[in-house]
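The values are calculated or read from the model by the stated rules, or taken from the named source; none is laboratory data. Just so you know, these numbers come straight off a predicted model, no measurement behind them. For neighbour counting, all protein chains shown are included, and Cβ atoms are generated from backbone atoms with ideal geometry for every residue, glycine included. Accessible surface is based on the protein model in full, side chains and every heavy atom, while ligands, DNA and RNA are left aside. Shrake-Rupley method; radii C 1.70, N 1.55, O 1.52, S 1.80 Å.
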Amino acid sequence: MRVIVTGAAGFLGQQVVARLTARHDVMATDLVPGPAAEAMVGDLADPETLASLFATPSDAVIHLATLPGGACEADPQRGWRINVEATQALADAAVRHGVRRFVYASSIAVFSDVAERDHVDDATPLRPAMLYGGHKALIEAWLATLKRRGDLDPIALRLPGLVARPGDGAGLKSAFLSDLFRAARDGTPIALPVSASATSWLMSVRCAAENIVHALERGGADEPDGAAVTLPALRVEMADLVAALTRHTARAMRVEYASDPAIEHAFGSYPPLSTPTADALGFAHDGDIDRLVTHALEDLG
């Protein structure tokens, strides 16, 4: 297949492109240059960029480009332009150019109120509170409409927290989760804004990339009408994650727990998760906490 990958220079995009290039023709695009052999630098909100992307007939789109949570809250107008307007324009361009498969990176942020639930499963209603989650829910609904019309074969994958992200967290309020892995790698102390008993849904970047490629290649014949699935994830307690990192690095971590009630509520109060639809479709999490840690640290470098 010829596959357009947006957000290709990002930490997840690079992993996806690396897996695709061995057996597909990839057109990678982002706002900044990436490592792909065939790449285009451009803004998806620009009609000329879209025209160039689809100038060569393509079979599929993997849409990873986004403005994340904290950045959306800081600049709502930019968040709407990137996450909603540009994404809708991309999907509409795919329809016009006869592209069928459209894999969209959604987020568990569409739920938002997980701290008030005793579990989350495929029947859990969407109730986003942050702008980012609202944007993702809007696009999920738009893609589902295009699916029902027969215009597109889309699937939205609700990604959990991905570890470990490089750099400063790119505007994510959950950046402390990735900071923890870097602290383990570097042997530096860290203060976490959650308690030792805080729980989060986590997945390694490697595992997320493999799930995205699986979504591309499996096709959508038996996928749900809503065109969105919550991916499996490991529910991890912070104290257990610190212990697993200690086992992997063979040195005790210097961790201070300084719980911020707002952060703990938003990112450290996740209930048990059940994903029977995704399980049946062949999606998977990392397996166990030790494999999650191994994958995340290996990919962090």
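Per residue, the accessible area of the stretch 224-301 comes to 46 Å², computed with a 1.4 Å probe over protein heavy atoms only. Across the stretch 210-285, the volume of the C-alpha convex hull divided among the residues equals 126 Å³ per residue. Take each peptide in 223-229, 247-253, count the other Cβ atoms within 10 Å of every residue, and average; sorted highest first, the result is 223-229, 247-253. Taking max minus min of the alpha-carbon positions on each principal axis, the stretch 101-201 gives extents of 53, 30, 21 Å, largest first. Using only alpha-carbon positions in the stretch 246-298, the gyration tensor eigenvalues give semi-axes of 26, 21, 7 Å once each is multiplied by 5 and square-rooted (largest first).
Helix 205-218 axis versus longest C-alpha principal axis of the chain: approximately 30°, rounded to the nearest ten.
Every pair of different Cα atoms in the stretch 232-276 enters the Kirkwood calculation, which places the hydrodynamic radius at 12.5 Å. Taking the Cα centre of the stretch 114-209 as reference, the dipole from Cβ charges on Lys and Arg (+1) and Asp and Glu (-1) amounts to some 180 debye. What a 1.4 Å probe finds exposed on the chain is 53% carbon and sulfur by accessible area, rounded to a whole percent. Taking the alpha carbon gyration tensor of the chain, multiplying each eigenvalue by 5 and rooting it gives semi-axes of 31, 21, 18 Å, largest first. Calculated on the alpha-carbon coordinates, the convex hull of the stretch 17-61 measures out at 74 cubic angstrom per residue. Computed over the alpha-carbon atoms, the stretch 135-185 gives an Rg to Rh ratio of 1.23, Rh here being the Kirkwood radius from the mean inverse distance.
With all protein chains kept in place, the per residue accessible area of the stretch 15-116 amounts to 43 square angstrom at a probe of 1.4 angstrom. Only one residue of P68, A144, S204 has its Cα farthest out toward the positive end of the dipole of the chain, where Lys and Arg carry +1 and Asp and Glu -1 on Cβ, and that residue is S204. Taking amide H atoms as placed 1.01 Å from N in the peptide plane, the amide H of R165 lies under 5 Å from those of S178, each 5 or more residues away in sequence or on another chain. Positive end of the dipole of the chain (Cβ unit charges, origin at the Cα centre): among M130, S52, G167, the Cα lying farthest that way belongs to S52. Residues whose amide H lies under 5 Å from that of Y257, counting only those 5 or more places away or on a different chain, are L192; hydrogens are built 1.01 Å from N in the peptide plane. Note that the stretch 132-257 shows a convex hull volume over its alpha carbon atoms of 122 Å³ per residue.
Gyration tensor analysis over the Cα atoms of the stretch 62-147 returns equivalent ellipsoid semi-axes of 24, 17, 9 Å (largest first, whole Å).
About the centre of its Cα atoms, the stretch 99-165 shows a dipole size close to 360 debye [charges on the beta carbon of Lys, Arg (+1) and Asp, Glu (-1) only; nearest 20 debye]. As a size descriptor, the averaged projected area of the C-alpha convex hull of the stretch 177-248 was calculated at 6.4 nm².
Think of each Lys and Arg Cβ as +1 and each Asp and Glu Cβ as -1; about the Cα centre, that makes the dipole of the chain roughly 280 debye.
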